[in-house]
Amino acid sequence: MMNRKEIIKRYKEKLQVISEREYDKNQIVLIGDCLIENLNMEEHLNGKAIYNNGISGDTSELLISTLYKRAIKYKPNKLFISIGSNDMGFEKTSVKDIYNNIITIVEEVKRRSKETEVHIVSVIPVNPANMDNINREYVDSRDNHEISMLNYYLKNYVRKNKLKFVDITKYLKNDFYQLDLNYTFDGFHLNETGYSVVSEQIKIHI
């Protein structure tokens, strides 16, 4: 597992690759953290004209600063935004500040790419099970109650502003509002079964 310094270095490298890529406008763009970047496009969304501009380690503040390069310049037909978990885990950002940052992201997209249909993807909880495979650094730094609160606020915001909400959490959680262990290999990152669930929900909206 990469440390924070390595994550930042790789973030810059990935952003450079995205910035230099040739692209067509009016397509579908995915942005966000590792949940997006690690989605195997060929396996799960093959045949779709989609740009995966997710970067592991992404936070809402980083996404604000890189939004033009990763989304706005594409003038996407549809934009899927998955962000927030790393704000809690890396930066200890409050739910209120994360929520406000996401609103800033949406409003900037709507201002500079007026025809883009915005989809907000729910933040998935973690599973703090007492098992050897659980990534304690990532899991213990996130609070499922705060994740639930953030999703509640985002869902209401989407409803009031006539956006789209992709509620992957509904299908990935167990009865205790934890990430179901069938869908993860370390309590935080999704396995292929988990990504099959995510891709099916995205397909509904594309």
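The values are calculated or read from the model by the stated rules, or taken from the named source; none is laboratory data. This one's a predicted model, so the numbers in the text were calculated from it and none came from an experiment. Cβ placement follows ideal geometry from the backbone for every residue including glycine, while neighbour counts extend to all protein chains displayed.
Just to be sure I understand, how many residues within the range 37-76 are under 13 Å from the mean Cα position of the chain (by Cα) and on the phi > 0 side of the Ramachandran plot? The total comes to 1. Residues in the range 89-104 that are of a type in the set (A, V, I, L, M) and surrounded by fewer than 18 Cβ atoms within 10 Å (Cβ to Cβ): Ile103 only. When Lys5, Lys14, Lys9 are checked against the criterion of being part of a helix (DSSP H, G or I) and under 19 Å from His189 (Cβ atoms), Lys14 stands alone in meeting it.
Taking the range 145-160 as the range and being more than 15 Å from the chain's Cα centre (by Cα) and closer than 18 Å to Val198 by Cβ as the test, only Val158 passes.
Going residue by residue through the range 150-172, is there one that turns out to be β-branched (Val, Ile, Thr) and over 22 Å from Asp97 (Cβ atoms)? First the steps, then the outcome.
Restricting attention to the range 150-172, the residues satisfying the condition of being β-branched (Val, Ile, Thr) are 158, 166, 168-169.
Subsequent filtering for residues that are over 22 Å from Asp97 (Cβ atoms) retains 166, 168.
Looking through the range 150-172, at least one residue is β-branched (Val, Ile, Thr) and over 22 Å from Asp97 (Cβ atoms).
Pairs linking a residue in the range 132-143 that is farther than 14 Å from Met88 by Cβ to a residue that is at pLDDT 95 or above and acidic (Asp, Glu), with Cβ atoms under 7 Å and 6 or more positions apart or on different chains, are Asn133/Asp186; Ile134/Asp186; Asn135/Asp186. For the range 77-88, residues that are within 16 Å of the chain's Cα centre (by Cα) and surrounded by fewer than 21 Cβ atoms within 10 Å (Cβ to Cβ) total 1. Residue pairs whose Cβ atoms lie under 6 Å apart, separated by 6 or more positions or on different chains, with the first residue in the range 2-28 and over 16 Å from Asn38 (Cβ atoms) and the second loosely packed, with under 13 Cβ neighbours inside 10 Å, are Gln27/Ala49. Consider the range 118-146 and keep the residues that are among the charged types (D, E, K, R) and surrounded by 15 or more Cβ atoms within 10 Å (Cβ to Cβ). The one that is farthest from Phe188 (Cα to Cα) is Glu146.
Of all residues in the range 170-188, those satisfying the criterion of being closer than 23 Å to Leu45 by Cβ and buried (at least 19 other Cβ atoms within 10 Å of the Cβ) are Leu172, Lys173, Leu179, Tyr183, Thr184, Phe188. The residues on offer are Lys164, Lys173, and the sole one that is among the basic types (Lys, Arg) and either closer than 17 Å to His205 by Cβ or at pLDDT below 95 (or both) is Lys164.
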